[in-house]
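Read through the structure below, which is laid out as structure tokens, and then see the notes.
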Amino acid sequence: MSKPTLAVWSLIAIVCALALAAFAPQAQAGDERAPAVIAGLVSNPAGTAIAGAEVRLVNAEGKVVKVTRTGPRGHFEFAPIKPGRYLVQAAKADVGKGQEKVIAPGGEVTRVKITLRKK
């Protein structure tokens with residue numbers, strides 16, 4: 001009986017790797033092990049996008065965990081973040097402030113729209 005060749009051992013290794021990958025846990029939408037994403041738009045009451053607004057991500061304990069600014073079209077994104085409950089706050093001088101409560105499930109993009117209003 002002859003010894004297996006390198007090609008046979010390579011084939012066995014590939015089959016084993018594919019079998020392990022097929023049965024390994026995969027992160028799926030709603031999976032609390034997977035990171036979450038919060039993305040959104042900041043606008044004024046007329047619906048005009050607000051560029052350069054500061055946007056803060058506040059966790060359930062009241063701690064600011066991330067800060068960003070909106071882009072030229074008023075969009076922002078926090079990624080990756082831990083799944084959970086958050087408060088997204090936005091503000092820009094001379095335009096106003098706004099906030100929205102958000103639940104961000106793992107493996108999903110949660111969309112939020114924040115309207116800035118003068119107080």
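We did not get these values from a lab; they are worked out from the coordinates using the rules stated. Quick caveat, the model's predicted, so the values are computed rather than measured. We place every Cβ from the backbone using ideal geometry, glycine too, and count neighbours over all the protein chains shown.
Would you mind working out the magnitude of the charge dipole of the range 26-119 relative to its Cα centre, with +1 at each Lys and Arg C-beta and -1 at each Asp and Glu C-beta, to the nearest 20 Debye?
On the way: 16 positive and 8 negative charges, 80 e Å.
In debye, rounded to 20, the range 26-119 gives about 380.
Where in the range 74-104 does the amide nitrogen come within less than 20 Å of the point 7 Å from the Cα of Arg33, taken along Cα to Cβ?
80-84, 104
Applying a 10 Å radius around every beta-carbon, put 60-70, 79-89, 33-43 in order of their mean neighbour count, most first.
The peptides rank, most packed first, as 33-43, 79-89, 60-70.
Using Cα positions and a limit of under 26 Å, work out the lysines in reach of Lys66, with same-chain residues fewer than 8 apart set aside.
Lys82, Lys92, Lys97, Lys101, Lys113, Lys118, Lys119
In a shell of Cβ-Cβ distance under 15 Å around Lys119, excluding Lys119 itself, what net charge do Lys and Arg (+1) and Asp and Glu (-1) give?
On the way: positive: Lys92, Lys97, Arg117, Lys118; negative: Asp94.
Net local charge, Lys119 excluded: +3.
Report the dimensions of the range 36-115 along its three principal axes from the alpha-carbon atoms, largest first, rounded to Å.
33, 22, 17
Hey, can you grab everything whose amide H is under 5 Å from the amide H of Val112? Only 5+ residues off in sequence or another chain; H modelled, so Pro and N-termini drop out.
Residues meeting the amide H criterion: Ala39, Gly40, Leu41.
Full extension from Val65 to Ala93: what is 0.36 nm times the residue separation minus their Cα-Cα distance, to one decimal in nm?
7.9 nm
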